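The values are calculated or read from the model by the stated rules, or taken from the named source; none is laboratory data. Just so we're clear, the structure is a prediction, and the values are computed from it rather than from any experiment. All Cβ positions, even for glycine, are placed from backbone atoms using ideal geometry, and neighbour counts span all protein chains on display. For the accessible areas, the whole protein counts, side chains as well, though only heavy atoms, and no ligand, DNA or RNA atoms are used. Shrake-Rupley method; radii C 1.70, N 1.55, O 1.52, S 1.80 Å.
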Amino acid sequence: MKIFLQIVLLFSLLSLSSCKDWLDLQPEGQATSDELFSTGDGYRSVLAGIYEAMASKNLYGVELQFGIVDCISRQYTWNWKHGERGTNMYQVARDFDYYNTALRPTIDAIWKDGFNVVANANNLIQNIEGASSELFAGGEVERKMILGEAYACRALVHFDLLRLFAPAPIHDEGEQRVPYVEDYPNIQPDGLGVQPFLEKVIRDLNVARVLTIDFDTSL
């Protein structure tokens, strides 16, 4: 009986050890942030991921390209079907009924997905600014190109979020509206007035221009 208990105990310890090793395994196809930012390929992958996210349905894949934004600006002429008015998301957007349950989930998704892109751009910017140019196949030119594009993506998405969720500058009364997020992570950023927000957009675009001008400008 004593031997039997010892055998059971041994197998239990081995099982716990195997379980611990299994819990430490990294999911196939996923990489940690440290791994991604240890090679030039990793930085390129993060930038590609940002562009892919920007091309999603809730952003420039549909809604910020020809979906909600064109409905709000009344680019389309509608032929109303009986009982349909007030239930179709795009018709609701055309009527500026932003709290309608048919439209609200998409508005929330635009906000969430937009700031998710901003967060990933900030993460890339913070890591690549101090990275060695030796990590990149194209050296310092490639490092500056990726950094410049990350700044440009951050500025573009911020600008579109501002124009959707804040008044035009001519109607701005200085109230805090949309946050301009520059740090990663930043869970509860404070909103800004329209004018200081636009100044940050212009600043980031100028930074991007300086970083990319040597290879992204036709002379």
- Item | Residues being in contact (Cβ under 8 Å) with a residue 12 or more places away in the chain and surrounded by fewer than 16 Cβ atoms within 10 Å (Cβ to Cβ) - total across segment 206-219 | 5
- Within the set of pairs 6 or more residues apart or between chains, which connect a residue that is at positive phi inside segment 131-155 to a residue that is charged (D, E, K, R) with Cβ atoms less than 7 Å apart? none
- Query: Among the residues of segment 173-181, is there at least one that is open to solvent by 60 Å² or more (accessible area, probe 1.4 Å), hydroxyl-bearing (S, T, Y) and part of a loop (DSSP other than H, G, I, E, B)?
  - Reply: no
- Filtered residue count, segment 163-172, keeping only those that are assigned to a helix (DSSP H, G or I), of a type outside the set (A, V, I, L, M) and either over 20 Å from D108 (Cα atoms) or within 15 Å of the chain's Cα centre (by Cα) (or both): 2
- If you take the residues of segment 191-205 that are in contact with a strand residue (DSSP E or B) (Cβ under 9 Å, 6 or more places away or on another chain) and open to solvent by less than 10 Å² (accessible area, probe 1.4 Å), which of them is nearest to F159 (Cα to Cα)? F197
- Query: Right, G191: within 21 Å of the chain's Cα centre (by Cα), under 25 Å from T106 (Cα atoms) and modelled with pLDDT of 95 or more or not?
  - Reply: yes
- Query: For D160, all conditions in the list (1) in contact with a strand residue (DSSP E or B) (Cβ under 9 Å, 6 or more places away or on another chain); (2) in a helix (DSSP H, G or I) hold save one; what is the number of the exception?
  - Reply: (1)
- Query: When V157 is evaluated against the numbered criteria (1) in contact with a Gly (Cβ under 8 Å, 6 or more places away or on another chain); (2) open to solvent by 70 Å² or more (accessible area, probe 1.4 Å); (3) of a type in the set (V, I, T), which criterion, by number, is the only one it fails?
  - Reply: (2)
- Residue list for segment 46-71, restricted to those being under 14 Å from the mean Cα position of the chain (by Cα) and either of a type in the set (S, T, N, Q) or farther than 18 Å from A119 by Cβ (or both): S56, K57, N58, G61
- Can you pull out the residues in segment 167-191 that are touching a Leu at 6+ places or on another chain (Cβ under 9 Å) and within 24 Å of A119 (Cβ to Cβ)? Q176, R177, V178, P179, Y180, Y184
